[in-house]
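The values are calculated or read from the model by the stated rules, or taken from the named source; none is laboratory data. Since the model is a prediction, treat every value here as computed from it, not as a measurement. With ideal geometry, Cβ positions are generated from the backbone for all residues, glycine too; neighbour counts draw on all protein chains shown. Please note that ligands, DNA and RNA were not included when accessible areas were found on the heavy atoms of the full protein model with its side chains. Shrake-Rupley method; radii C 1.70, N 1.55, O 1.52, S 1.80 Å.
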Amino acid sequence: MKNVLQKETQSLTFFFLCVINCSARGHGAKGQNEYEFSLEFLFPVKPEVCVLLKCLNFNDSFPLSLFCIFIACIYTQVSYKSTQRQVNVVVGKEKRGWWERLVTQERKPVFLAPDFDRWLEESDAEMEIREKEERRNRLRSARLKEPGFISLKTGFLFAYNLVQFLGFSWIFVNMTVRLFIFGKDSLYDTFHTISDVMFFCQTLAAVEVLNAAFGVVRTGVVPTFIQVIGRNFILFIIFGSLDEMHNRPVVFFVFYLWSAIEIFRYPFYMLGCFNTEWKTLTWLRYTVWIPLYPLGVLAEAVAVLQAIPIFDKNKLFSIPLPKAIGGSLSFSYVLQGYLILMFLGLFINFRHLHKQRKRRFRTKKRKAN
């Protein structure tokens, strides 16, 4: 609450079901005057206690709000923090859930300011609640498990992430070594030397969509589906079906950017299987995608643009039209539409990854405080 008054005579009424009433006489925005306000919360808050306070005869240097909030906190266990320019009050909800606004009136009172460091959108609030429930469930299950026991689910997820980590690590190291040894020449034979392992890893990545769909892991199905389908479209349709694309340098950049992201993502998930965290790896997992993911999509878009004239020429995957019309519908039109969907998918996934990063580091910041 901003524009804190210095008191002469004042009264404060806390109805900690739904309403806070406050009145005071002192020096504020309108000079020496009588000030009052009333806040009616949108839903009940806790604890369910009604407190009536009468504060009189304090010197002008003592903030009214500091004393009244302090006394209210003794009775209601409400947390507060007072500064020279405002008083921050934290009130717990009686029932957890998303509120459209804090008070019943649609327009926010001018003296009331939200704490944007703690502000949550509806999706963020739901995710935070789910995370808390997941942490409680993990702690509960950990108490019930015997030492050394590993569940089938944990073993499966660890093995999957380990295989993917080894596969993408082999790709990344192999391409890096070849680049240092052969220089630019290594850009033209990437498909012939790397494609078999990349085909294996990207085919296996379909498991991630199934894991998300059946609740094996707590992650969004749509972002996972977009990433897996998008990569496999580029790998199998653009690179795999066109011999003319095998010697293009764009293959190198697409494969290298994909593997550079995954060599941090999969070991992070491996440690997560055992509720273990390495801070450096966590930071890399939630940071390296910021430059690499858009660059990867840009490289994929270049590959699609290079493939369009090839599909026009060889008529591969073209759709034959009725004899009355004649000819066929080129697959290049599908690729042009795919370019639009590709950048739409970039927006959806980038927003999803940004929320994950923001939520992850905001939670760690709160713990540090």
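Working carefully through the options Ser169, Ser151, find the one that is modelled with pLDDT of 95 or more, open to solvent by less than 60 Å² (accessible area, probe 1.4 Å) and under 23 Å from Gly272 (Cα atoms). Before the answer, list the steps.
On the way: Ser151 fails: modelled with pLDDT of 95 or more.
Going through Ser169, Ser151 in turn, the sole match is Ser169.
Restricting Val297, Val288, Val302 to residues that are aliphatic (A, V, I, L, M) and over 29 Å from Leu271 (Cβ atoms) narrows the list to Val302. Checked against (1) more than 20 Å from the chain's Cα centre (by Cα); (2) open to solvent by 70 Å² or more (accessible area, probe 1.4 Å); (3) over 27 Å from Leu162 (Cα atoms); (4) not polar (S, T, N, Q), Phe311 passes all but a single condition, namely (2). Of all residues assigned to the stretch 275-296, at least one qualifies as being under 24 Å from Val334 (Cβ atoms), open to solvent by less than 20 Å² (accessible area, probe 1.4 Å) and either outside any loop (DSSP other than H, G, I, E, B) or in the same structural domain as Ser169 (by TED's automatic domain parsing) (or both).
Taking the criterion of being at pLDDT 85 or above, among the aliphatic types (A, V, I, L, M) and not in a loop (DSSP other than H, G, I, E, B), the residues of the stretch 313-345 that qualify are Val334, Leu335, Leu339, Ile340, Leu341, Met342, Leu344.
Residues that are free of Cβ contacts under 8 Å to residues at least 40 places away in the same chain and either outside the structural domain of Gly240 (by TED's automatic domain parsing) or among the small types (Gly, Ala, Ser) (or both): does the stretch 341-354 have at least one? Explain how you work it out, then say what you get.
To start, the set of residues in the stretch 341-354 that are free of Cβ contacts under 8 Å to residues at least 40 places away in the same chain comprises 341, 344, 347, 351, 354.
Checking which are either outside the structural domain of Gly240 (by TED's automatic domain parsing) or among the small types (Gly, Ala, Ser) (or both) leaves us with none.
No, every residue in the stretch 341-354 fails to be free of Cβ contacts under 8 Å to residues at least 40 places away in the same chain and either outside the structural domain of Gly240 (by TED's automatic domain parsing) or among the small types (Gly, Ala, Ser) (or both).
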